[in-house]
Structures are given as C-alpha cells and as structure tokens.
Amino acid sequence: MAEASIQPLTVTLKVNGRDYTVTVEPRWTLADVLRHQLGLTGTHVGCEQGVCGACTVLVDGEPARSCLMFAVQMEGHEIVTIEGLTPEAGLSPLQEAFHRHHALQCGFCTPGMLVTATALLNQGKPLTEETVREALSGNLCRCTGYQFIVDAVMDAQGGK
Amino acid sequence: MKPAPFGWIRAHSVAEAVAALREHPEAKVIAGGQSLVPLLNFRLSRPSHLVDINPLETSLNQVEWSGSALTLGALVRHQRLAEHPVVRERVPVLSRAASHIGHWAIRVRGTLGGSISHADPAAELPAAMVALNAVLVAQSADGTREIPASEFFQGYYTTALQADELLTAVRIPAPEGRWGFAEVARRLGDFALAGAFVQRGSRVAVTWFGVAGAPVRVELTEVPADAREREVAWRQALTTAVGSDLEVAKVAQAVAVAEKAWSEAQ
Amino acid sequence: MQQAMRPQMMGARVSRVEDQRLLTAQARFMDDIQVPGMLEIAFVRSPHAAAEIVSIDTSRAAQVPGVHKVMTFDDCPYWLWMRGVFKVGQPALAHGEVYYVGQPVVAVVAENRYIAEDAAELVEVVYRPKEPVLDMREAIAERPRRVHPEAENVFFHREYQTPGFEEAFAQAPHHLSETFSLSRQTAVTLEPRGTAAMVDPATGRLTVYASTQAPHRVRLDLATFMDIPETQIRVITPEVGGGFGMKAATYPEDVVVVQAARTLRRPVKWISDRMESLLSDVHGRDDIHDVEVAFDDTGKIIAIRDHLMADGGAFIPVPFSGAVGETSLAAMVLTGPYDIPHLAYTIDCTFSNKTPLGAYRGVWGPVASFIQEGIVDRVARYLKMDPAEVRRRNMIRDEQFPYKNAAGMVYDRGSYLESFERALDMIGYADFRARQKALRQQGRYLGIGISCFVEPSAMASSEAGSVGYESCSLRMEPSGRVIAALGLGPTGQGHETTMAQLIADQIGVKLEDVIVLHGDTDSAPMGGGTGGSRSATIGGGAALVAGRQLREKLAQVAAHLLEAAPEDIVLEDGKAWVSGVPERSLAIRDIARAAYLDVKRMPGGMPVGLEVTARYLPPRPITFSNGCHIAEVEVDIRTGVARVTRYVVVNDCGRLINPTIVEGQILGGVAQGVGSAILERLHYDENGQLTTTTLLDYLLPEATDVPRVQMAHIETPSESEGGIKGMGEGSLIASPAAIAGAIADALEPFGGLVDRLPVQPSDVLAMVGRAAS
Ligand SMILES: Cc1cc2nc3c(=O)[nH]c(=O)nc-3n(C[C@H](O)[C@H](O)[C@H](O)COP(=O)(O)OP(=O)(O)OC[C@H]3O[C@@H](n4cnc5c(N)ncnc54)[C@H](O)[C@@H]3O)c2cc1C
Ligand code: FES
Ligand code: FES
C-alpha cells in the first residue's frame, strides 16, 4: 500500500544539473518551490492556470508549466530553468539574439520565452515564421507584440 | 490562488493506485495535471488526496497496433499522440486532433486518460473516442471493465467512470473509410467553439464537440453532393441530436466545421 | 552650442542597457523581493456587486497556525479619496458596504500565501445583497438607485458647442447617426500588481516596494491618506513587468500592506494573483457614444454631435478617473486629423457597481479614433465613395498648422497627408480592391481598414493625474561617470537607454558612462512617473536641459583649465578641447577630478562639484504625434472568426531618440489593438458578477494572432526640447479603429458595419445572418 502524506515531504530535485534536497508540502507548486525555496526567481508566475507561459521550464528537455506541477512529483526528473540556460559569463546566443532584436521590453515574459525557444531550437528542425509563432503561441507577451521575439528566435537558429 | 492542502500518494502500480482510490473516497487521480491543477489552484477542486499515477508512466503509455486495433495507454501524452508514427499511420485523424490541444507545453504533460476522464465538452479527445468507436478500459479494486465510448460520456464533465476507477487504456478499432477533422477556436490552442470529426465510408458519421455537454455523434444515411443542400443536412443532423435551442452562432460554427471536415475527408 | 547640433547617440539604434539583467534572470521583480521574516497577505474580496455588510467574523481565521493578523476596516481606517474633487472615496477595506465584486473586505496576514488563503476561506462575512446598478444609461437616470446615496450617479458632466453649430448641422445636406460602444477591457500586465512594505528599524522610516509607474505619486498618496510625513516614506519600484496605465494608480491594497507592516512591525508583501488582477486592477474603456454627423455631397464632414458616456465603476481611482479621461479628453480629439469645423458634445460619467475605471494605454485615443474613423467610413459608404478619398478630402492640410481643432486643441505640425499616402502605398491600396473582388468570388472576405490618428502626448497640465513636468538630476562623479536620477517609472520602455543617449550626447561621454536611476523617491527628485506618453518628451526634455546645464559647468571648468573661453570648448568622445585646436584638450574625467579632488584648480567663485537638477515643462500643453495604420483582415463568414493578415504603420513622433525602441512600442500597441478589436472583453452578468476572471475567458493576443507589421517613420520635430514627441500610446490609439474598419470593409457585401468593440465571432455571424434573411 502506498504511503499517504499530508505532511511535508523531503524530495531531491535536480535543477540545472544540481541536486537540491528540500522539504515541501505536497500542495506547493514547482514554480513556488523553485522561486521561494531554491531562490531561482527567474521563473515567473503570471496566471497559475497554465495560460500565460511565464513559468515555463524544461522537464527532461521539454517545455512544461511549473505552475501546474507539484514539486513532490519531480523527483527523478531533470529540470532546467532560465538560470540554467544562462552562461556563467555573458549571454547565450539566443539571449544575444533577444538583445540584438529588442525582443523584450518589461522582461517579465522573457524567461518563459527563452525556455520555450530553447526547446524549439534544440529540436533542430528548420524553422519558418509560422512554426516559430506556433511554438511560442503558449507564451503570452503583453509588451512586444511578438515580432521581434520571432525575429530573434529565427536569427538565433541561423547563429547556432 | 494556491491549492488547499491535500495528501500525496505516489502509486507504484495500478493495483496500488486503485487501492488508494478505494481507501480514500475523496481522493483524485493526478495524471498530467493540466486540467486538475488549475482547478486546485482556484480551490474549485478539494480532494483529500492526490494519487499520482505518473510513476506508472512506463506501464501505461503503450502505443500498440495489433493489426485490427490500436491500443493506447492512459498516460500517453498529447504531444506523443500527435507525433507517434504508428498513430499517424493507423489513425491519422487522432494525431491531427491531438495537435490541436492547447499549446506545446500543455501537450507535453497532458494525457489521453486525463482528457477522457476529465470530459470537457469542448475537448478533442473525448470526441475522437466517440467518433472512432473506441473502447475504454477501466480498472478498480474489483477488476477490469470495458466501456464503449458511446456510453462513457454522460454530460458536462461527467463520465461512466466510478470514483474508485482508473482509466488504464483505450482500444480503437481500425478506422474504416476516410476521415476529416476540423475545429474553430478563438485563438490557437483555445478550447474549440465547435469541432467535428467526419467519417466517410460505407456510412457517414459526424461527431461534434463543443456543442453540447458531451460529444455528439450522428450517422447520416444520405449526404447530398450539393454544398448548400449538405449544409442543410448538417444543420438537420445537429438539431436532431441536440435540439433547436443552440445559439445561432454555435449552429453556424458546427455546420462550418462539419463541412470542412467533410471536404477534408475527400 | 556645437555638439548638441550633431548628436551621436540620439536617433541611433542603441541596444538596451536594461537587457542584460532581464535576460539572465538577475532582475528583481516585485515578488522577487524577499527579506527575512516577510509575511504575505491574502484578501477576502466581495462576492457581491452591491451589499450591506451585516457582520464580519474573523475569529476562526485568526486561529489558523501561521496567521499573524486578520484586518478589517477598523484596523486600517483610511480612505483613498481625492477630497474636494469628488464626493466619494474608497475605503482601503470595505466599510459597512461593498460596491463591486472583488472589492477588498478583509486582509489576512500570514507566514505565506498558502496559509493566508487557507485562513481567508474561514473569514465569515454576512452580506445583505442590494440591487446592483449595472446599466450605464439607466445609472445616468439615477435608476434603479444611486450607487452612493451621498452622490449623484453622474459624477462628471460637461457640455460644449462650437458657435453656429446648430445652424451648420441643420443646413448640411446629409446626416447619419450611430451608437458606438467599447466593452470594458483592461491592461493585464503580465506581471500582476504587488506591494511590499517594511519599517526600517534604525530610522523608523517605511520602505515601500511598489510595482508602479509613478513612485512619487504613491509616496504622496500614502502620506496623504495615512497621514504619514512623506519624508518618512521611501518608495522603490523594483523591475516592473508592464504598466500600460493600470499601474499608474494608487490602490487600496497598497494602503493595507503599509498598514500591516506598520502595525506588525514585520515586512509584509502582497502579490496579486491573476483572478484578483482581473477583478481589481482598474478597468478601462466602457464607453457609449451616441453620434450624429453632418456632411455634404463631396464627403466633406461639417459637424459632429456626440453624447459621450462612460461607466466609471464604483469608485474613482486615485489619481485618475478613467471615465473622465475616456470622455472629456476623447471629446478634445473627436475630429482626429480631419478638418471638421463644428463639434457639439455632452459628457456623462456615471458610477456603477463595477470595478473602478482607470487608465489603460491610450485612454481617450482608442475610442476617439474608433468613432472618428467609423464616421468617415460611414460617410464613404453612404456616398459610395472610396474611404481613402473621403479621408484625403477631410484631412488637415500642411498649410493649416498649427491647427486648432473644433474642440480648441492646438495640434503640432505633423505629416498628416504624407503619412496617410505613404501607408496606402505600403499596403498596396491601389491593388487591394481588385484582389478583394477576386477573392470574394471564391467566398473569401478580405477587408482593409484605415486609421489616421493624432496622438495627444506629454500632457503638461495636471488633468492626467500626473504633474506636468519631469525632473532630472545629474551628478558627475570624480571618475567622470555620470549618475542621472529621474522621477520616471518605466515598465519596459527602456528609459535607462534612451535617457542615457540624450545625456551622453549633451556632455560628450560614452553611453555606458551614464547610469540612469529611476523608481526610487530617495534618489530621484519629485517627478510625474511614466504614463500618458510623457517620458520621452517631458522626461527626455528634463534630461536634455540637465545635460546642457552640466555641459555648461564642464565647459566652464575646462575653459579655465585650458585657458580658453567657455564658448570655445567642445565636449565630445570623453574629451574637452578648444574648438579648432584639438591638441589643446583634456579628458572629461580630469575635469571631474579637478571639480571634486583638486578643487583649487576650479575657476574662482564656481561651486565645488558637478551637479545639477533640472525640471522641464514643455511649451505646449499637449504635444501631438500623428501617423497612419492600415490593417488587412480576412473574415471567415462561416465561423465568424476574423484574422488580421497584413498591417502597416507610418508613425511620426518627431525626432526619434531610438528607432528600435519606438518600433517596439508600435508593435506592442498593435498587438494590444488586435486584442481590443477582436478578443478582449470583460463581461459582467446581470447580477454584476464579472464572468471573465481568468486568461481563458479574457483573451490576450498570442503570437499567432498578430500579423507581421511593416513600419516606417517620418520625423516632424515638435517645439519641445530635442524636437521630441510622445509615442507610447499611438499604436493602441490607432489599431482598434483600423481593424474594426477592415472588418466592416470585409463585410460590406452584407452591409456590415462595426459599432461595438471587440467584434466577436457571434457579431460577425449575426451581421451575415441578418443580410441572408
Ligand atoms: C492553457 C490550457 C489549454 C488547454 N487547451 C485544451 C484544448 O484545447 N483541448 C483540450 O482537450 N484540452 C485542453 N487543455 C486540457 C488538457 O488537454 C489536459 O491535459 C486534459 O484535459 C487533462 O489531462 P491531464 O492528463 O492533464 O489530466 P489531469 O489534469 O491530471 O486530470 C484531469 C481529471 O481526470 C482525472 N484523471 C486523470 N487521469 C485519470 C485516469 N487515468 N483515470 C481516471 N481519472 C483520471 C483526474 O482525477 C482529474 O479529475 C488545456 C489545458 C490548459 C492548461
Ligand atoms: S503562471 Fe504558469 S502558465 Fe501562467
Ligand atoms: S516583455 Fe513585457 S510581457 Fe513580454
């Protein structure tokens, strides 16, 4: 019989290649634990409903909503956040492209955009404006109108 | 917007999962969490426990073609359904429909079993099950039973599944004839305003979603060759099935998607 | 002086200095502010549109482990109220009665948000519901009752008429009338609102972190409403994830957070969740216009009459009433870029039991454009003329500038006809009609919509709720680097880059040597914040004036050290030299050294140090930008879904500081315009419940909803410093009208016209259906 627990559980999360052992309540979302327990505040929360995409992280290489997962579920999975996509010094080629193309204004959607765009680029498929827009359609941005984000992603693919 | 407290049960086997459901009548299964967690966050759902079946991923994500039927595990994620070569070859309309669900990050997590059990009236996969005449396999502490899709969906978010049952798999018989799928939504990835599967074979059938509390399947004995007459036929089929108090816009959209799915099934 | 004449940075496509921290997750947004011992708040909000509060029982909530305090009005007895201007103010927490769904009633302060929400569920409030006031026209007639017994429902009324209006109107050969309306919409910044407050144990001063566009305004309001000396409050804005006018207000929650921190002597934070944001962020739009227009056979418009109505919601947000803004300011630009001699209007702003109406990007502009372009299109259709030709005939001509419109507004010189013709060219207007005709044969319905706009920016009067000036203090440090502090509150507009560009040009240092501070009332001099498209013109003006003053100081010192006259000193590339004698030069950092560390080398009588503070008030009360948007749409008449397929913008905002940043503003506004025109709608049901409280109901445009936008610039300088005009709102002012016009054009075979935004699939299907039957 599986053990039921309403009490906090201790889990080990692998985030950005590092193991973190944390004690969490089952109801704490991955987004909240990343931000408030691990101090990885680059993952943003904009709706807690799966719509806005600001909280997108990579789980085993694929984009997923950290507001719709619980930290207790994540043992044995590899999580990558925007912090993990950022080189120790300077910017990644994708971040560079965002900078060059003015693909961010307030920057709140940016981490989620970068995460989704990274997953897209990692697929190594040829991109068209249409496929890029489709892949990013689950990441809302209220500032940029998307055009420069699309340009940046397409340019980053060229640069890869 | 934070969930109320709940207990956490990690299921390591189907037996464990169904035992937990039996023991905790207020428990809920969590699969992809893409429908359940928003409800938890809004505190619209307050289960005593969550039974996490994700640890069963390896045993519940089969995609198997037997020669006469396709069997899919409950934990097959939408994205995999959309991309899997066997699904694309044997039941292409299903992978097309799956690619219309939400956005990439939602499809990566959301599961076939979750979508079917959740039974959103505007969801693609429940309608696909009805259209494709699927058989749904449910398991509880008492054993396994098979439920035809036509009897499974009973209304808004209501299914034939008992609270202590786990949906483990679906079996789709080899589809006969040519198939089309179409939907209309406000934005890419939104739940459909209306959608339709159309089968053109020895018989013609249209299965709508987004027009009533559950998917609606109608068989047509005759489908006119003339587009205008066909439109009338779709409209009649719809009214026969769901009555005449649908909003005008809804009727127009349902007719439009049926027609589009029909022409795709050429 | 010379170098101001040949700026190197102004006009350059400089990449933003803000980006590094935002791209690498180093930026600190509101919810990233975390200090030891911090508590979090969850609010209990009104579930009723209107009700008396019979009782509030907080005892069970207070007993939840981890709860520190449960606050009601008695614990926070303050009002957000512009006393003397309006008869009604809003209590920080409901006092005896609730007036809209989502109004904060009780605040629970707990260890974390999860616990706070657990306890909030246990607060028991007994309400006695009242009949809500929900319909604008009914409310104006005081039906079914007054929202606030102590005040008439109409809290703002104004009438105006040009001399000779009635005669001109009556004598015109043709008349049309129409009722236009815009649904409630709201900004939906991707980062929700939030506030944190903490008492500094050493000084007793309050530090308030606020996700706001106007830090000084928040400080002033907190000081006024809570009776705290403003010197005791420091407002800091962390990174702000979007504002769009919505974050220019001071909110009840801000007051509650500060009060909780003061009473508990613990750091306290509140972060809005998305449902709270849709319920309680100020809403925008919600206007009805009863319009009549008079015109002649040639399409020349002679007179417009409009009854402008806006539903202001339950209270008046501080410091800006959206309803008054939407109407009284819209009335000033109802004639847009057209030379329409006669105007008469009546304005009524009413209370209702809905969320307070405040600012959303463009405020008055989107509605004015929607109406003015809607009028032109109706005139064209009535006379069976080309809508472009009707625009051409009515457009203000170059020789008419400075032009005074029928409402008395004076427009800056602009490129009205030029931008219009250029946009027609870019979209290929000449070929469009043939394409449209051919595709209609195949059952595809394309349409084109033109929106020529004026953008009122940089209000130098206080009606916009902000002060009319902006300030900039510049301090050159001994290293020769410069710290600039402005009262702005940027939310993504890139002021750290653009202001540095302006200042670097003035004093001849490198861009990276100018560090721009903002959003901290301790570092920046009193200023108006960012809003109303004021920052480039007014903030930029302040930066230019301060830069010039600092340059004069530098030149004075340099002249003394180089034994030349100050007017012969050139400052450029980090050096000062004597004009025409480049070898007589000196590094700017050496001047700074002298001014601070070697002060005996300073000219006699000159104060030590290199520091200036300047304030700038533009010469005109409003600076007008202009331009033209053209949208092409395709409407699926079977499903009712409209898609924007092509889009061009010609924009004239005077001298460009940074074209890339301007283009970013345009693109963002066009996307919001797509939302305004076809997606976004806040909907109240007949009980006054907001039914659109999630982002699956309130639909924001996605990447796939927005077309690629082709842009061009024209630069007609303003009379302000640097020739700059504001441009933060123009793209959302123009775009809904362009898209609405395009949909109407697409549906022309069905007699379709758009009188209501957003246009929903059911609206399209209704139009098509009506034509069929
Ligand atoms: C932004 C967004 C957009 C979306 N758009 C669409 C869309 O366009 N179309 C669409 O169809 N869906 C859409 N969805 C929902 C998505 O498809 C979900 O994945 C799906 O509805 C539920 O699957 P899940 O695995 O996530 O289930 P969960 O959320 O884990 O569970 C849903 C319900 O099913 C029960 N359940 C799950 N698995 C089982 C099982 N094996 N046996 C018994 N009960 C079970 C749970 O107890 C719960 O009650 C969207 C979701 C989001 C967040
Ligand atoms: S916060 Fe997770 S999708 Fe919006
Ligand atoms: S840059 Fe502000 S939301 Fe995308």
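The values are calculated or read from the model by the stated rules, or taken from the named source; none is laboratory data. Small disclaimer: the values here were computed from a predicted structure and weren't measured. Virtual Cβ from ideal backbone geometry, glycine too; neighbours counted across all protein chains shown.
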Requested in this report: Answer yes if at least one residue in the stretch B:169-182 is part of a loop (DSSP other than H, G, I, E, B), out of contact with any Pro (no Cβ under 7 Å at 6 or more places or on another chain) and buried (at least 23 other Cβ atoms within 10 Å of the Cβ), and no otherwise.
Outcome: no
Requested in this report: Considering (1) within 16 Å of ligand 2 (Cβ to nearest atom); (2) among the hydroxyl-bearing types (Ser, Thr, Tyr); (3) more than 17 Å from residue A:35 (Cα to Cα); (4) more than 9 Å from the chain's Cα centre (by Cα), say which one residue A:110 fails and leave the rest.
Outcome: (3)
Query raised in the report: Taking residue C:631, is it without any contact (Cβ under 8 Å) to a residue 24 or more places away in the chain, crowded, with 24+ Cβ neighbours inside 10 Å, in contact with a helix residue (DSSP H, G or I) (Cβ under 7 Å, 6 or more places away or on another chain) and within 14 Å of chain A (Cβ to nearest Cβ)?
Result: no
Report summary line: Residues of the stretch C:268-318 being in a loop (DSSP other than H, G, I, E, B) and under 28 Å from residue C:352 (Cβ atoms), in sequence order, are C:272, C:273, C:281, C:282, C:312, C:313, C:314, C:315, C:316, C:317
Requested in this report: Output the qualifying pairs, or none if there are none: Cβ atoms under 7 angstrom, residues six or more apart or on different chains, first residue in the stretch A:94-121 and in the same structural domain as residue A:152 (by TED's automatic domain parsing), second residue modelled with pLDDT under 95 and near ligand 3 (Cβ under 10 Å from one of its atoms).
Outcome: A:105/C:492; A:106/C:491; A:106/C:492; A:107/C:492
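Conditions (1) in contact (Cβ under 8 Å) with a residue 40 or more places away in the chain; (2) farther than 26 Å from residue C:613 by Cβ; (3) part of a loop (DSSP other than H, G, I, E, B), marked per residue:
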{"position": "C:548", "(1), (2), (3)": "yes, no, no"}
{"position": "C:552", "(1), (2), (3)": "no, no, no"}
{"position": "C:556", "(1), (2), (3)": "yes, no, no"}
{"position": "C:561", "(1), (2), (3)": "yes, no, no"}
{"position": "C:564", "(1), (2), (3)": "no, yes, yes"}
{"position": "C:571", "(1), (2), (3)": "yes, no, no"}
{"position": "C:582", "(1), (2), (3)": "no, yes, no"}
{"position": "C:593", "(1), (2), (3)": "yes, no, no"}
Report summary line: Of the residues in the stretch C:733-773 that are surrounded by 24 or more Cβ atoms within 10 Å (Cβ to Cβ) and β-branched (Val, Ile, Thr), the one that is nearest to residue C:454 (Cα to Cα) is C:733
Query raised in the report: Among B:125, B:136, which is over 19 Å from residue B:241 (Cα atoms), in contact with a Leu (Cβ under 7 Å, 6 or more places away or on another chain) and part of a helix (DSSP H, G or I)?
Result: B:125
Query raised in the report: Which members of the stretch A:103-160 meet the condition of being more than 13 Å from chain B (Cβ to nearest Cβ) and of a type in the set (Val, Ile, Thr)?
Result: A:110, A:128, A:144, A:149, A:150, A:153
Query - Top-ranked residue in the stretch C:490-505 [being at negative phi and in contact with a Lys or Arg (Cβ under 8 Å, 6 or more places away or on another chain); ranked as farthest from ligand 3 (Cβ to nearest atom)] - result: C:504
Query raised in the report: In the set B:111, B:144, B:159, B:168, which member is more than 16 Å from ligand 2 (Cβ to nearest atom), within 14 Å of chain A (Cβ to nearest Cβ) and of a type in the set (Val, Ile, Thr)?
Result: B:111
Query raised in the report: Counting only residues that are part of a loop (DSSP other than H, G, I, E, B), within 14 Å of chain C (Cβ to nearest Cβ) and within 14 Å of ligand 1 (Cβ to nearest atom), how many does the stretch B:185-223 have?
Result: 10
Query raised in the report: Of C:612, C:599, C:641, C:608, which residue is farther than 26 Å from residue C:511 by Cβ, in contact (Cβ under 8 Å) with a residue 24 or more places away in the chain and of a type outside the set (Phe, Trp, Tyr)?
Result: C:641
Query - Positions within the stretch A:54-68 being near ligand 2 (Cβ under 7 Å from one of its atoms) and more than 7 Å from every other protein chain (Cβ to nearest Cβ), in sequence order - result: A:55, A:66, A:67
Requested in this report: State all residues of the stretch B:7-31 that are at the interface with chain A (Cβ under 8 Å from one of its Cβ atoms), closer than 25 Å to residue B:105 by Cα and part of a loop (DSSP other than H, G, I, E, B); if no residue qualifies, say none.
Outcome: B:11
Query raised in the report: Do the conditions hold for residue B:98, that is, is it over 30 Å from residue C:121 (Cβ atoms), more than 16 Å from ligand 3 (Cβ to nearest atom), outside any loop (DSSP other than H, G, I, E, B) and touching a Leu at 6+ places or on another chain (Cβ under 6 Å)?
Result: yes
Query raised in the report: Is it the case that the stretch C:322-332 has a residue that's touching a residue at least 24 places away in the same chain (Cβ under 8 Å), in the same structural domain as residue C:149 (by TED's automatic domain parsing) and not in a helix (DSSP H, G or I)?
Result: no
Query - When residues of the stretch A:39-71 are limited to those that are surrounded by fewer than 24 Cβ atoms within 10 Å (Cβ to Cβ) and more than 13 Å from the chain's Cα centre (by Cα), the one nearest to ligand 3 (Cβ to nearest atom) - result: A:49
